[in-house]
Every structure is written in C-alpha cells, then in structure tokens.
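The structure appears right after this line, and notes come after that.
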Amino acid sequence: MNAPRIGLGYDCHRLEVGGDCYIGGVLFDSELAPVGHSDADVLLHAVCDAILGAAGLEDLGTTFSDNDERWRDCSSSVFVEHCMAKISKKSLGLVSLDCVLICDNPIISPQRAAIRQRLSELTQLEIDRINVKGKTTENGDAMRITAQVVALLIES
Ligand code: MG
C-alpha cells in the first residue's frame, strides 16, 4: 500500500550545570546542559524516534543502546544519519518534520533558524518542511528539557 506513514517521537533529558548544550545539532551558549550517554541532544533523539516509528523500525534506545560504548559521547547527528539510511533501505523518504521543544532554559527562539538549517542538512529536507517551536514549562520543572516530533514518510 502506497500510503503515507506518520511517526511520533518523544524524548526528555535532565538539565545540569556545565557541559555542552546541544539541541537540534546546534550548540547553545547555556549554563545548563542536558545529561545523557551520547551528547544528550533531546531534539535529535525525538527526530530519530519519529522517523524510526513511522518506518516501523525498532526505537532509538534499541537501535543505539546506552550499553554500547560506540555511542558514548557520540554526536546525535550520527544517529539521524543512520536513521535516514535505514528508511532509504526500506524505500521510504522523509516528507516533513514538526518539532516542539519544552524547556525554560535555554531559550529556543534565537536558535530556531539554526536548528531548522541543521535539521535540513541532516535530512535533506527543504527548510519549509521542517518546523521547530519552543515552549516554556509555565513554572513546571526548569531542570528538564522535553522534545516532541512528528515525522511524515512516503514510499520513494
Ligand atoms: Mg535521549
């Protein structure tokens, strides 16, 4: 069946003082940074899970296990490139990404264009097929960053 496939990605990381703060493949000038096994890029992790989910493939944690030393401190850009190769093998192509980041720090909007540009480079999508929106927690947990992503795939 030549029908489009939709995938939903979600990720959440704790924030701590110190370390590099990568969000959507872009380095933020931030005192707080997400903590994790790889570079802890919450947005790229959610992008991967949305793409893998739409393709009916195993999720990010299964594909790139925390227990695998190959992925320690790895750039999550590598995960996105792997995911793009996996869907290509299944003759699937990415059509669009819609992303929401929920955090109080850092502020997303000054880097929104840079994130869209980086996602465009990683996925070969045109920028107007990628959206990124920053939301605050409205006095929720300021030491946490959450990402939600919807990906649309079609048979190529
Ligand atoms: Mg993650």
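Quick note: the coordinates plus some simple rules give every number you see, no bench work behind them. Computed from a prediction, not measured in an experiment: that's the story for all the values here. As a convention, Cβ positions derive from the backbone with ideal geometry for all residues, glycine included, and neighbour counts pool all protein chains shown.
Between segment 58-75 and segment 89-128, the alpha-carbon centres lie 21 Å apart.
Take the Cα of Val78, step 7 Å toward its Cβ, do the same at Asp141, and the gap between the two points is 2.8 nm. The long axis of helix 112-123 is offset from the longest Cα principal axis of the chain by roughly 40 degrees. Entry note, the chain: the mean residue ellipticity at 222 nm calculated from DSSP H runs of n ≥ 4, each adding -39500 (n - 2.57), is -8500 deg cm²/dmol after division by the residues and rounding to the nearest 500.
Applying 0.36 nm per residue to the separation of Val95 and His37 and subtracting their alpha-carbon distance, the gain on full extension is 17.9 nm. Temperature 25 °C, viscosity 0.890 mPa s: under these conditions the Stokes-Einstein estimate for the chain, based on its Kirkwood radius over C-alpha pairs, is 159 µm² per second. Using θ = phi - 60° in the Karplus curve 6.51 cos²θ - 1.76 cosθ + 1.60, the 3J(HN,Hα) couplings for segment 63-70 round to 6, 10, 5, 4, 8, 9, 5, 4 Hz; x is entered for Gly and Pro.
Among Thr146, Thr137, Thr62, the ranking by other beta carbons within 10 Å of each residue's beta carbon, starting with the fewest, stands as Thr62, Thr137, Thr146. Comparing Ala54, Ala33, Ala114 in a Gaussian network model of the chain, where Cα atoms under 10 Å apart are tied by springs, the biggest mean-square fluctuation is seen for Ala114. Anyone know which of Gly24, Gly36, Gly53 comes out most mobile in the 10 Å Cα GNM of the chain? Fluctuation is largest for Gly36.
Ranking of Asp29, Asp39 by neighbouring Cβ atoms within 10 Å, starting from the fewest: Asp29, Asp39.
Rank Leu119, Leu32, Leu43 by mean-square fluctuation in a GNM of the chain with C-alpha springs under 10 angstrom and give only the top-ranked residue. Checking each option, the largest mean-square fluctuation is seen for Leu32. Among the GluC sites (Glu not before Pro) in segment 125-156, those located in a DSSP loop and surrounded by at most 10 other Cβ atoms within 10 Å of their own Cβ are Glu126, Glu138.
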